[in-house]
Amino acid sequence: MRWLPRSSFRPAEGELADCVLVVGVSRPKLAAALLSVTLLSLFLTFHVLYDSALYSIQALIVGVRKCGTRALLEMLYLHPMVQKASGEVHFFDRDENYALGLEWYRSKMPLSFKGQITIEKSPSYFVTPEVPERVRAMNSSVRLLLIVREPVTRAISDYTQLRSRATPSAPAVSLVGHPLPDAAKPFEHLALAPDGSINIAYRPIAISLYHAYFHRWLEVFPREQILVVNGDQLIEDPVPQLRRIEKFLGLEHKIGRKNFYFNETKGFYCLRNDTTDKCLRETKGRKHPRVDPAVVTKLRKFFVQHNQRFYDLIGEDLGWPED
């Protein structure tokens, strides 16, 4: 480095400083080596951070729809060692996405540091036949979170969401030759077949038959890699369920009662961290329509044997009502 006097340079437009700083390299090979090392270090740093977004996907919330998957993801995000995908990625359940490969999946994940766990949730993973094998192909040691609710309540919640998404202008009554769309029909008319039997072909009912899907996961993953989360208890008192999940994921207990407050208007718990309070959007916790109690009782009696088969698979009795 050398300072040269002003007189060493030809005049040019504008004012010149009294001295000019000239930066040069006396040992270009050494400088080039140092520059290479610096660039390599930066590359490796960002590469490790970027790669961790894939390799730290050690947990997935695989379902079930309308059982609190979004609430569970947001609650876990309160933990400083958890990162989350911003939306439902649908990588393993949609052929067109899965065909794009793991690099595409990686691009949908947030960056995470060493020790952090990146979690994503897509409820349709649970019911899609190809998903368990595809998940194992990505990471055979992945931890799986399955959140469930009492099946009749789940079915009614599913119906409520489907109805809310229907076209508002749909006719409230049937016209001759123009039957009502399913979303406009009462739940009772969809859950029961014309002969009064349970309509297991109706999607909200079919998804509540948890054992029909769970056995596929047990064919691919050992039971100890799957934690069944009680969605009804998560709504009523989040902390005990989250303590179980933290232990299951190998995380320190960081989420406590300080992270929640009950919103009387919404009727459920909202989230709180050191900087902000957050409630799930208005569509969460929407009011269910009134369903004929006789139909609810009939459905619960129907589900008794199916719930028992699910209990047998998970090794736990969840105590769901039987009438």
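The table that follows gives values for the structure above.
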{"quantity": "Cα-based shape type of the range 227-323, given that a ≥ b ≥ c are square roots of the gyration tensor eigenvalues and the cut on a/c is 1.5", "calculated": "oblate"}
{"quantity": "Area accessible to solvent at GLU219, 1.4 Å probe radius, in Å²", "calculated": "130 Å²"}
{"quantity": "Filter on LYS108/LYS247; LYS108/LYS266; LYS247/LYS287; LYS66/LYS121; LYS254/LYS287; LYS108/LYS258 - keep pairs with C-alpha separation over 22 Å", "calculated": "LYS108/LYS247; LYS108/LYS266; LYS247/LYS287; LYS254/LYS287; LYS108/LYS258"}
{"quantity": "Total formal charge among the other residues, if their Cβ is under 14 angstrom from that of ASP182, Lys/Arg +1 and Asp/Glu -1", "calculated": "+2"}
{"quantity": "Prolate/oblate/rounded call for the range 71-161, Cα gyration tensor, a/c under 1.5 rounded", "calculated": "oblate"}
{"quantity": "By average C-beta atoms within 10 angstrom, highest first, the peptides 131-141, 80-90", "calculated": "80-90, 131-141"}
{"quantity": "Charge tally in the Cβ shell below 14 Å around LYS247, where Lys, Arg are +1 and Asp, Glu are -1, LYS247 excluded", "calculated": "+1"}
{"quantity": "Heavy-atom accessible area ranking, 1.4 Å probe, most first, across ASP158, ASP95, ASP232", "calculated": "ASP95, ASP232, ASP158"}
{"quantity": "Using θ = phi - 60° and Karplus 6.51 cos²θ - 1.76 cosθ + 1.60, couplings along the range 296-313 (whole Hz; Gly, Pro as x)", "calculated": "4, 4, 4, 5, 5, 5, 4, 6, 3, 5, 6, 5, 5, 5, 5, 4, 4, 5"}
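The values are calculated or read from the model by the stated rules, or taken from the named source; none is laboratory data. Since we're looking at a predicted model, the values are computed, not measured. All Cβ positions, even for glycine, are placed from backbone atoms using ideal geometry, and neighbour counts span all protein chains on display. SASA here: full protein model, heavy atoms, side chains in, ligands and nucleic acids out. Shrake-Rupley method; radii C 1.70, N 1.55, O 1.52, S 1.80 Å.
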